[in-house]
Structure formats: structure tokens, C-alpha cells
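One structure below.
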Amino acid sequence: MNKGWYWVPSLYFAEGLPYVIVITVSAIMYKNLGVSNADIAFYTSWFYLPWVIKPLWSPFVDLMKTKRWWIVTMQTLLGAGFASIALFLPGGLFFQSTIAIFWLLAFASATHDIAADGFYMLAQDEEQQSFFVGVRNIFYRIAMVVGQGLIVMAAGLLNRCLGDMRMAWCLVFVAIAVLMLSLAIYHRFALPKVSENNVGRSIVQTKDVFITFFKKKEIVVAMLFILTFRLGEAQLSKMASPFLLDDISAGGLGMNNEQVGFIYGTVGVIALLLGGLLGGVAASRNGLKRWLWPMVMAMNVPNLVYVFLAMVQPSNFAVVCSCVAVEQLGYGFGFTAFTLYLIHFSQGEYKTAHYALCTGFMALGMMLPGMISGYVEQYLGYAHFFVYVLVCCIPGMLVVPLIYRELKS
């Protein structure tokens with residue numbers, strides 16, 4: 001039996017779970033606890049910052065200690081951090097204290113990503129890496145289901161039993177802490193010991209990575225595309241869950257945690273995966289240039305379903321599930337174009353490092369618009385906010401013709 005089965009699935013589950021909790025679940029928790037949409041969007045958008053600047057400190061992770069050490073240490077810190085969330089939630093300053101802890105968790109999670117992805121390549125040969133690439137993606141997505149689905153639903157069910165939403169989330173974070181600490185202990189023994197001598201990039205190489213990246217002839221167009229393509233989605237994603245949870249009188253759909261967890265943790269994830277699969281198959285057959293415009297439209301046009309939901313406020317759960325599934329299916333299909341373009345732009349001597357820089361700018365493109373989304377929603381109301389999201393899709397679409405000319409057929 002390939003020894004990768006002992007650690008690859010659990011490692012990528014441990015990589016995905018903290019990310020989804022910090023970026024997505026935190027916003028749902030704060031909404032449950034009565035925090036305003038403006039504060040939720042502004043402060044939780046800052047959690048993207050460690051992923052924005054991740055390329056800056058990844059060389060130091062390479063050069064200091066081993067990746068195995070970083071993995072176990074970060075998982076231990078993540079477990080301790082989640083336990084701290086549970087500890088501070090009952091306090092009067094729970095929002096300020098937990099925001100600070102979540103930011104530290106984001107930093108630890110981003111560092112864990114660097115170490116885990118590097119260790120995956122070091123501990124296996126190319127054949128093993130190819131064999132497990134699907135496995136790692138599946139277990140990363142399973143973490144998404146657990147985070148967006150089961151954890152959110154568990155908080156809702158505990159609230160029904162206890163009648164105390166804050167205590168419900170405390171118990172949930174205790175369970176998450178135990179899970180992360182258990183994974184740290186497991187990986188302390190399960191991860192193979194590999195030689196990591198002289199595997200890191202030197203500081204001189206890192207400087208060259210940045211210089212060659214910004215000297216690429218398509219850099220201006222690429223930056224415009226990376227920073228604007230997700231302008232609408234960055235704001236929609238911050239307000240989607242609060243919209244579903246808000247009362248009908250506030251313009252929302254008045255759903256509970258169990259319903260929202262089911263929608264995003266099962267229906268949404270399945271639609272997202274299906275869209276990504278269809279996008280990959282389409283692009284592999286006819287190339288990115290052939291599918292660029294259809295994918296761009298698939299990414300943006302389905303946002304209309306939120307305009308419909310906000311204006312009609314349907315009470316039928318199946319209708320809401322169907323609308324979210326359509327939006328997630330289109331997003332999964334359309335995001336393929338974005339990913340393939342980043343790969344195309346990153347080609348060259350430092351393609352792995354340049355791709356990491358692209359993902360950092362991608363996170364910046366999510367962070368900055370997300371910070372203002374709550375204020376915009378509070379000013380416009382949900383219905384007009386989702387129309388505004390559609391307008392925000394236009395700048396990215398205006399850059400597409402420039403991208404189209406660069407691509408080969």
C-alpha cells in the first residue's frame with residue numbers, strides 16, 4: 001500500500017478546515033451573535049491579508065526549520081487558537097478578542113499551506129504526486145463541507161438544545177480545537193521524515209523572482225485582470241450568508257443555521273465541484289481562448305439569482321437551494337478561466353513562485369472589495385446591493401478583450 005494514504009488525505013483536510021473556518025464560518029458566527037454586516041465584512045476581510053503576503057515569507061519557511069516541523073507546529077497553534085476562541089466568546093469584549101485570534105489563526109493557516117504544499121512535493125516522487133493530486137483536492141473539499149456545512153449546522157442544533165447561541169459556538173470551537181490538536185499529534189508520527197537540506201530558495205533567488213515577475217510584458221493587463229475579475233464575487237461572498245440569515249423584515253430570507261449549512265455545505269459544494277469539473281473538461285478539449293468569454297459570463301451572470309432572491313424573498317427552501325446551486329455551478333465553471341490564466345501568465349523560469357505571487361494578488365482582490373461590502377449593503381439594502389454587485393462585474397469584463405488577444409488558440 002502506498003504510504004501516502006497514511007498522511008495525504010489528513011494533511012489536506014487539515015489544510016482546508018482552518019481556511020474555511022477563518023474566512024467563511026467566522027462571518028456566520030458573528031452574524032449569529034448580532035454583529036453588524038458592516039463590521040463583519042470589514043474585519044473578516046482582513047483575514048485574507050496573510051494569504052496576500054504569503055509569497056513574502058514563504059522563502060523563510062523554506063529556509064528555517066523543516067516543513068514537517070512547520071506542519072506539526074502550525075496545527076498545534078491552530079488547535080490552541082480555536083480553543084482560545086471558545087474561551088473568549090463568553091466575554092464582554094468577545095468581538096475584539098476573537099477578531100485578533102482569528103487573524104493569528106489566518107497567519108498560522110497560511111503558513112501551514114506553504115509547509116504542507118512544499119512537503120507534498122518533497123515526500124513523494126512525480127508519479128506519486130500525480131496519483132494523489134485528486135485525493136488531496138477531494139479531502140480539501142471535504143474540509144469545505146465540514147466547515148461550511150456540518151459545523152454551521154452543529155452550531156444551529158446546539159443552539160436549539162441550549163437556547164444560547166454563544167454557548168453553542170463555544171462548544172463547536174472546543175470540538176474544532178480537539179480535532180486540530182488530534183491531527184497535530186497524528187501527523188507528528190504519520191508524516192514521513194525526508195531530507196530537506198538546501199531545498200529553500202535563497203534571498204537572492206527570491207529577489208529575482210519578484211524582479212522577473214514585474215518585468216513580464218503583460219504585467220499591467222494581468223494585474224488589472226487579477227484585481228478586478230472577482231470584484232463582484234468578493235463582495236457577494238461576504239454578504240451571501242448574512243443575507244440568508246437576516247430576518248425577512250431586514251430584507252433577508254430568515255433562514256436558520258441548519259438550512260444555511262445545508263445550502264453551502266452540500267448543495268453549494270456539489271454544484272461548485274461540478275462546475276469546476278465541467279470547466280476543466282471544456283478547457284482541455286478546446287483551449288482557454290475558446291471558452292474564455294463563456295466562462296466569464298458563467299462567473300458573473302448567475303449573480304442575478306441573488307437579485308431575484310432579494311426582491312421576491314421566497315420561503316420555499318428548494319427554490320433557494322436551486323438558486324444558490326445555479327450561482328455556484330456558474331462560479332465553478334467560470335473560475336476555471338481565472339485559474340488557467342494565472343497558470344498561463346506564470347509560465348517561465350520561476351513559474352511556481354510566480355503563480356504564488358498571482359494568488360497573493362488574487363487574495364488582495366478579494367480583501368479590499370470585501371472590506372467595503374458591508375457598508376454598501378447597509379446603505380443600499382440587499383436588493384440594490386446585489387444589483388450593485390452585478391455592476392461591479394463590468395470592470396473585469398472590460399479587461400477580458402485584452403486577455404483574449406494574448407492567448408493562443
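The values are calculated or read from the model by the stated rules, or taken from the named source; none is laboratory data. These numbers come from a predicted model, not from an experiment. Every residue, glycine as well, gets a Cβ built from its backbone with ideal geometry; the counts of neighbours run over all protein chains shown. SASA here: full protein model, heavy atoms, side chains in, ligands and nucleic acids out. Shrake-Rupley method; radii C 1.70, N 1.55, O 1.52, S 1.80 Å.
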Mean accessible surface per residue for the chain, computed with a 1.4 Å probe while every protein chain stays in place, in Å²
43 Å²
Whole-percent carbon and sulfur share, accessible surface of the chain, 1.4 Å:
67 percent
Two-site FRET efficiency, Leu162 against Phe131, from Cβ-Cβ distance with R₀ of 56 Å, rounded to 0.05
0.80
Can you give the net charge of the other residues whose Cβ lies under 12 Å from the Cβ of Thr73, counting K and R as +1 and D and E as -1?
+4
Prolate/oblate/rounded label for the stretch 209-289 (Cα gyration tensor, a/c 1.5)
oblate
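Local charge sum around Leu272 (other residues, Cβ-Cβ under 13 Å, Lys/Arg +1, Asp/Glu -1)?
Once positives and negatives cancel, what remains is -1.
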Which lysines, if any, have their Cα less than 22 Å from the Cα of Lys193, not counting same-chain residues under 8 positions apart?
Lys3, Lys65, Lys67
Report relative contact order for the chain in percent, whole number only (criteria: Cα-Cα under 8 Å, sequence separation at least 6).
26 percent
Taking the Cβ of Val400 as the center, what net charge do the other residues with Cβ under 12 Å away carry, scoring Lys and Arg +1 and Asp and Glu -1?
+1
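Going by average Cβ density within 10 Å per residue, which order do the peptides 284-293, 148-157, 229-238, 48-57 take, highest to lowest?
Values: 284-293: 15.4, 148-157: 21.6, 229-238: 24.9, 48-57: 18.9.
With the highest mean Cβ count within 10 Å placed first, the list reads 229-238, 148-157, 48-57, 284-293.
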Run a plain Debye calculation on the stretch 264-322 (Cα atoms as equal point scatterers, no solvent) and give log10 I(q)/I(0) at q = 0.13, 0.25, 0.28, 0.30 Å⁻¹, rounded to two decimals, same order as the q list.
-0.46, -1.06, -1.15, -1.20
If R0 = 35 Å, then Ala318 and Ser182, at their Cβ-Cβ distance, give a FRET efficiency to the nearest 0.05 of 0.40
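Can you list which of the DSSP-assigned H helices in the chain have a Cα extent of 24 Å or more along the long axis and an average Kyte-Doolittle score of at least 0.5?
Helices meeting the span and hydropathy rule in the chain are 67-88, 94-122, 165-190, 268-286, 317-346, 351-380.
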Testing the spin-label approximation: label points 7 Å from Cα along Cα→Cβ at Lys215 and Gln378. State their distance in nm.
4.7 nm
From the Cα gyration tensor of the chain, with a ≥ b ≥ c the square roots of its eigenvalues, which class applies: rounded if a/c is under 1.5, or else prolate if a/b is larger than b/c, or else oblate?
oblate
What is the distance in Å between the Cα centres of the stretch 329-349 and the stretch 231-288?
19 Å
Tell me what the chain gives for mean residue ellipticity at 222 nm when only DSSP H runs of n ≥ 4 count, each as -39,500 (n - 2.57), the sum divided by the residue total, rounded to 500 deg cm²/dmol.
-25500 deg cm²/dmol
In terms of Cα to Cα distance under 27 Å, which lysines are near enough to Lys238, apart from those fewer than 8 places away along the same chain?
Lys31, Lys54
Apply the a/c threshold of 1.5 to the C-alpha gyration tensor of the stretch 124-187 and tell me whether it is rounded, prolate or oblate.
oblate
Taking 7 Å along the Cα-to-C-beta vector as the label spot, tell me the Lys65-Leu402 distance in nanometres, rounded to one decimal.
4.1 nm
